[in-house]
Amino acid sequence: MTKKLFLLPGAIALILAATPGLPVFAQTPPPAPSPQMERWGAKLNLTEEQKAQLRQIKASTRAQIEAVLTEEQKTQLQTARQQGQKPGKNFSSLNLTGEQKSKIRAIRQEARRQMNAVLTTEQRQQLQQQREQKRQQRSTQTSI
């Protein structure tokens with residue numbers, strides 16, 4: 001019996017030593033908030049829960065859009081992102097088919113609907129006002 005007790009600490013030590021080598025099955029952390037999301041969060045007074053929901057919608061939307069793209073288009077998009085190109089310009093250079101364009105448009109419309117559902121009525125109104133101001137700024141810049 002005493003020999004077995006001496007083996008017990010050795011067995012525990014072996015188990016503990018092997019533990020760091022085991023894979024960790026944890027949830028992946030949520031994506032980091034984008035600068036745009038941070039600005040919206042401040043301007044719209046978003047709660048942490050709303051921010052988390054919007055990040056999740058954004059990540060899901062991105063995955064759905066990437067599923068529509070070919071491998072070559074995904075590579076082009078990744079390269080453009082790494083070079084810091086604006087998102088709108090990224091997609092215009094991908095030579096999307098009509099079917100891809102319509103699928104992406106539908107994905108984005110659904111994402112916008114989901115995002116609007118997360119916001120309160122006041123936040124939606126503020127966002128609409130911000131969009132209108134941005135449109136006016138763009139129209140005055142292009143007319144100059």
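At R0 = 25 Å, how high is the FRET efficiency between GLN83 and ARG112 if r is their beta carbon distance? Nearest 0.05 is fine.
Working: r = 27 Å, r/R0 = 1.07.
Calculated transfer efficiency: 0.40.
At a threshold of 8 angstrom on Cα-Cα distance, excluding pairs fewer than six apart, so keeping six or more, what relative contact order does the stretch 46-124 reach in percent?
About 47 percent, as a whole number.
Testing the spin-label approximation: label points 7 Å from Cα along Cα→Cβ at THR97 and ARG62. State their distance in nm.
Inter-label distance under the simple model: 2.6 nm.
Using only alpha carbon positions, build the gyration tensor of the stretch 58-110, then give the equivalent ellipsoid semi-axes as the square roots of 5 times its eigenvalues, largest first, whole angstrom.
Result for the stretch 58-110: semi-axes of 17, 13, 10 Å.
Can you flag which of LYS43/LYS134; LYS51/LYS101; LYS74/LYS134 are past 26 Å Cα-Cα?
LYS51/LYS101; LYS74/LYS134
Could you name the aspartates and glutamates in cross-link range of LYS86, using Cα to Cα under 17 Å and dropping any fewer than eight places away on the same chain?
Partners found: GLU66.
For THR140 and GLU71 in the same chain, what is the full-extension length gain: residue separation times 0.36 nm, less their Cα-Cα distance, in nm? Can you show the working numbers first?
On the way: separation 69, 0.36 × 69 = 24.84 nm, distance 3.89 nm.
Gain on extension, THR140 to GLU71, equals 20.9 nm.
Values quoted throughout were computed directly from the atomic coordinates according to the rules given, and no laboratory measurement underlies them. A quick note: this is a predicted structure, and the numbers were derived from the prediction, not measured. Ideal geometry is used to build each Cβ from the backbone, glycine not excepted, and the neighbour counts take in all protein chains shown.
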